[in-house]
Each structure stands twice: as structure tokens, then as C-alpha cells.
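I have placed the structure first, in the form of C-alpha cells, so that the comments after it can refer back to it.
The values are calculated or read from the model by the stated rules, or taken from the named source; none is laboratory data. Since the model is a prediction, treat every value here as computed from it, not as a measurement. Glycine gets a Cβ as well: all are built from the backbone with ideal geometry, and neighbour counts include every protein chain shown. These area figures cover heavy atoms from the full protein model, side chains too; ligands, DNA and RNA do not enter into them. Shrake-Rupley method; radii C 1.70, N 1.55, O 1.52, S 1.80 Å.
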Amino acid sequence: MSKPKIFITRPIPQLALDRLLPHVDYEIWQEQQPPSIEILSKKAHASDALLSMLSDPLNATFFDAPGSTLKIVSQFSVGVDNIDLSAATNHEIPVGHTPGVLTETTADFAFGLMLAAARRIVEGNNEVRQGIWRPWGPDVLTGYDVHGATLGLIGFGRIGQAVARRAAGFSMKVLYFDRSHHADLEQELGVAYASLDQILEQSDFISLHIYLSPETHHLIGKLEFEKMKPNAILINTARGGVVDHQALAVALKNGKIAAAAVDVTEPEPIQNDSPLLDLPNMIIAPHIASASKATRLRMAHIAVDNLLAGLEGRRLPFCANPAVYTKGK
Ligand code: DGY
């Protein structure tokens, strides 16, 4: 019997790949840039399964391709905003993802961005490398204290909660805004529920931990920046689309807020002419918040678990569109 065909759009950690390869015929995309939508479509639709990345746009047109043999998608990330889940469900394709295992690593990074932006670590590093070592002075590269400050978390799922745990070690006052109240956690973590406006108006640091959806697209825009304190620092490790980048650039330039540090942009990669690239009070990382070696290996194992389960006709252990299993029942 022939083995199922898999298209993998990026090399993944070898230890996880080794568990998959004996069971499949595979192709791994090795180019520096992700496959174009045409190539992705051609290869995926001639395969039984696709191991995709968040840079692969799997929209309704992708799933509607006629004559496709694709039966399973296993995405190497927790976020699946690049995938039209209803289209996948309509075509009875389960979509796997990798929740849980990147929580702590991403929270570490969010905290790192907060410290780096508040204490101007990147600016200092850049000056030193440019041969500018300003004589030590009381006002050289002064920033803001993280300890004792008020942190506003927008979104209080796994990652938001992990950031709150770290904030306790810095004696921060933590407010959170979420779709639901988490009364149990409020006492355990010493956090308080606040409205979105209260978070915007009272926080020294605002950290975003929500999924991108039509409801959260540009949730943080001109009006929201108007409400923030002039010393506010915005942290985004969620998705670039949650923030209106034009409004962010204006807010940073006009001193409406003090700084921002993001791991995600809209689009990715950021456009070369983005005004954000010229601002010293802006830190931009290239979507690496989950990029520790251990976490990427854990993500790879889950992506492989999902694939193997799907290929064996079992339910994916981590399925982003569980409705696929009840469809038509
Ligand atoms: C995810 O898994 O969605 C993250 O953004 C990857 O870093």
C-alpha cells in the first residue's frame, strides 16, 4: 500500500520529523521564502496532508480548489488566523494546531519586550554599536520603571495569565480585560478585572493577548491611543492586525504614548516604508516570541501528533475546528 503524501511548508525540528517520516511520502519546502500561493496550492492539493505555517494563507479559495486530495491540515502554531476554518470545515478537513506548549515562552518574551522598551535597552545597544557612548549622565537614556507599575492585560487566556504571574515578581498592579471574568484567578494571581477604557486610561504598560478576528482587528487605534497615559508602553505579542499601525506611528511620534514593542506586525514582514521603522521608541521583533529551541520542538511534536492521528483516521488531539467532527450529524 502506498504511503500518504505530505507537503511540509518549512523544515521542522528533526526529532519530531523523524517520528513522521517512516509513515509518509513527504516533501519539505526548503527555500528561504515561503511557497507562493500557487505553489502551495498545487502541492497541497496533490497531497493527503499539509503541515502549514502561519505564513501560509489558507483562505476559502485555497480550500475550494477542485479535484483536491487534501484531507488534513496540521498547522505549526497555536494561532490559526491565516486559515479559513469554516471553509476547512465545509470541506471536512480537520485543522490541527499547537496550543499550550508555547505559553510560558511567549510570556517570557512579552516581559522581555516590556523591560527592553521601558529601559531603552535596544536604543542603548544601537548607540554603542554606532560608536556613540554618551558620557555617563543623570539623564542619559532614562526610561521607566517596570517594578511597581500598573500593567493592563487585554486578553486573559493562558499567555495573559502567564504574564500576570511574572508581573507579581515585579510588584506590579495588574488589571485585565477579557470576554469573561476569572474570579478564581483574581485572588490567586492578585489581578483585578477592568473595562477596556479603564485599562487604557490607567495602565503604564498595556500588553495584548487576544486572537485576531474581525472583532479585534484594529482594536487599538487612534481613539484608544488618545485614552492612554503619555508614559504608556504598548506590548504586542498577539497579532499585528490588532493594532492600527498608522495610528501607532502617530501616537509614538506625537508623544501620545512613550514607546511600543511588538513581535508581530501587519503585514508580516513589515513593509520597508513603514513609519514605525524610523521611530527610536519602537522595538520590532520578527515574530519570534515562541522561538525557544525547546518550545519549537514541543510545537513540532504536537503538529506531528495531529498529522499522525489524522492519517490514521483518529480525531486530531488538538483540533482548531472541532465542528468538523459533528458536521452533518
Ligand atoms: C502562534 O503559535 O500562533 C505564535 O504566534 C507563534 O509564535
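Numbers below:
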{"item": "Residue match in region 116-128 (condition: within 13 Å of the ligand (Cβ to nearest atom) and either within 15 Å of Leu50 (Cα to Cα) or polar (S, T, N, Q) (or both))", "result": "no"}
{"item": "So Thr69, is it outside the structural domain of Ala232 (by TED's automatic domain parsing), on the phi < 0 side of the Ramachandran plot and either in a strand (DSSP E or B) or more than 23 Å from the chain's Cα centre (by Cα) (or both)", "result": "yes"}
{"item": "Residues (polar (S, T, N, Q) and surrounded by 14 or more Cβ atoms within 10 Å (Cβ to Cβ)) located in region 1-37", "result": "Thr9"}
{"item": "Cβ pairs under 6 Å, 6+ apart, first in region 277-293 and in the same structural domain as Val122 (by TED's automatic domain parsing) and closer than 13 Å to Lys253 by Cβ, second open to solvent by 40 Å² or more (accessible area, probe 1.4 Å) and more than 11 Å from the ligand (Cβ to nearest atom)", "result": "Pro280/Glu123"}
{"item": "Listing of helices (runs of 4 or more DSSP H) fully contained in region 103-192 that carry 3 or more residues being free of Cβ contacts under 8 Å to residues at least 40 places away in the same chain", "result": "121-129, 158-169, 183-189"}
{"item": "Hits in region 1-24 - residues which are part of a loop (DSSP other than H, G, I, E, B) and of a type in the set (D, E, K, R)", "result": "Lys3, Arg10"}
{"item": "All positions within region 204-249 that are among the polar types (S, T, N, Q) and either modelled with pLDDT under 95 or open to solvent by 10 Å² or more (accessible area, probe 1.4 Å) (or both)", "result": "Ser213, Thr216, Asn231, Thr237, Gln246"}
{"item": "Residues located in region 25-63, provided they are assigned to a loop (DSSP other than H, G, I, E, B) and among the charged types (D, E, K, R)", "result": "Glu31, Asp48, Asp56"}
{"item": "Subset tally (residues that are away from the ligand (no atom under 15 Å from the Cβ), touching a helix residue (DSSP H, G or I) at 6+ places or on another chain (Cβ under 8 Å) and among the hydrophobic types (A, V, I, L, M, F, W, C)) for region 197-231", "result": "7"}
{"item": "Whichever residue in region 274-290 is open to solvent by less than 50 Å² (accessible area, probe 1.4 Å) and aliphatic (A, V, I, L, M) and, among such residues, is nearest to the ligand (Cβ to nearest atom)", "result": "Ala289"}
